[in-house]
Amino acid sequence: MEKNMEVFAGTDRLLLRKFQTDDIESFYTYRADPEIAKYQSWQNYQYHEAKTFVHHQINHVPHQPGTWYQFAIALKETNELIGDCALHTPLSEPRIVEIGFTLSPEHQGKGYAKEAVCALIYLFHSFKKHKVIAFTDVRNNNSIAVLERVGMRREGHFLQNYMSKGQWVDDLF
């Protein structure tokens with residue numbers, strides 16, 4: 001465990017913290033999994049991309065308009081990286097944040113995603129924002145279920161809203 005670890009939020013089982021160099025291997029492993037990438041913007045994720053990403057996040061700060069900030073999701077007891085979640089502060093409206101999350105396959109189905117998103121929403125409140133939003137592929141039933149379990153509601157269904165991996169995709173807002 002790295003010294004001076006910066007923790008932004010915690011739950012009974014998890015920490016939302018700044019990424020550390022020790023996270024690169026775990027981060028790469030789940031991001032490179034085609035099943036994890038299925039509804040994400042990336043594909044064929046490479047180790048050098050994980051290394052660059054983690055180093056960028058180490059030097060980045062949350063809550064900057066026009067940027068995404070990824071928080072490492074780690075088990076509280078061991079500090080093991082099990083996923084990541086993000087806040088995006090749009091440049092056009094910095095009082096609104098968009099959230100996103102990814103969990104490694106071996107840690108799915110245990111309530112960690114809901115717990116991490118609740119902690120992320122806590123951060124949203126601490127940053128004194130007006131509204132939190134999320135977009136998700138309509139086929140991603142697990143993510144939709146997590147968002148609904150934390151109390152988010154469907155406000156829109158956008159048909160063929162974005163191009164992903166060569167096809168037009170519907171998403172929920």
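The values are calculated or read from the model by the stated rules, or taken from the named source; none is laboratory data. Since we're looking at a predicted model, the values are computed, not measured. As a convention, Cβ positions derive from the backbone with ideal geometry for all residues, glycine included, and neighbour counts pool all protein chains shown. Ligands, DNA and RNA are stripped out before the accessible areas are found, and what is left, the full protein with its side chains, is counted by its heavy atoms. Shrake-Rupley method; radii C 1.70, N 1.55, O 1.52, S 1.80 Å.
Quick notes on this one:
- Neighbours of Pro94, meaning other residues whose beta-carbon lies under 13 angstrom from its beta-carbon, give a summed charge of +2 when Lys and Arg score +1 and Asp and Glu score -1.
- Solution diffusion estimate, µm²/s, Stokes-Einstein, the stretch 1-124, Kirkwood Rh from C-alpha pairs, 10 °C, viscosity 1.306 mPa s: 108 µm²/s
- Net charge dipole, the stretch 19-89: roughly 240 debye, given to the nearest 20, about the Cα centre with Cβ charges of +1 for Lys and Arg and -1 for Asp and Glu.
- Solvent exposure of Asp33, expressed as accessible area, is near 50 Å², computed with a probe of 1.4 Å over the protein chains only.
- Stretching the chain fully between Glu106 and Ser164 yields a gain of 18.3 nm (0.36 nm per residue, less the alpha carbon separation).
- Dipole magnitude of the stretch 48-136, debye to nearest 20 (Cβ charges: Lys/Arg +1, Asp/Glu -1, about Cα centre): 340 debye
- Kirkwood Rh in Å, taken over all unlike Cα pairs in the stretch 130-173: 11.0 Å
- Distance from the C-alpha centroid of the stretch 136-173 to that of the stretch 1-46: 22 Å, rounded to the whole angstrom.
- Amide H contacts of Ser164 (H built 1.01 Å from N, in plane; Pro and chain starts excluded): Val169 sit under 5 Å, all sequence-distant by 5 or more or on other chains.
- Dipole magnitude of the stretch 112-172, debye to nearest 20 (Cβ charges: Lys/Arg +1, Asp/Glu -1, about Cα centre): 200 debye
- 3J(HN,Hα) couplings calculated from phi for the stretch 142-158 with the Karplus curve 6.51 cos²θ - 1.76 cosθ + 1.60 (θ = phi - 60°) are, in sequence order, 5, 5, 4, 4, 4, 4, 5, 5, 8, x, 7, 10, 6, 10, x, 10, 9 Hz; Gly and Pro show x.
- Farthest positive-ward along the stretch 76-151 dipole, Cα basis, beta-carbon charges - from Ser92, Ala113, Ile82: Ser92
- Trp168 contributes about 150 Å² of solvent-accessible surface, heavy atoms of the protein only, 1.4 Å probe.
- Most to least accessible of Val138, Val54 (protein chains only, probe 1.4 Å): Val138, Val54
- Taking amide H as placed 1.01 Å from N in the peptide plane, Ile133 has its amide H under 5 Å from the amide H of Val97, Glu98, Ile99, each at least 5 places away in sequence or on another chain.
- Computed over neighbours whose Cβ is under 15 Å from that of Lys128, the net charge equals +2, Lys and Arg +1, Asp and Glu -1.
- Under 5 Å from the amide H of Tyr45 lies no amide H of any residue 5 or more positions distant or on a separate chain, with H modelled from the backbone and absent for Pro and chain starts.
- Compactness of the stretch 1-73 as Cα Rg over 2.2 N^0.38 Å, two decimals: 1.15
- Whole-number accessible area per residue in Å² for the stretch 1-44, which is evaluated in the context of all protein chains at 1.4 Å: 59 Å²
- On the stretch 1-101, 49 percent of the accessible area sits on carbon and sulfur atoms, based on a 1.4 Å probe.
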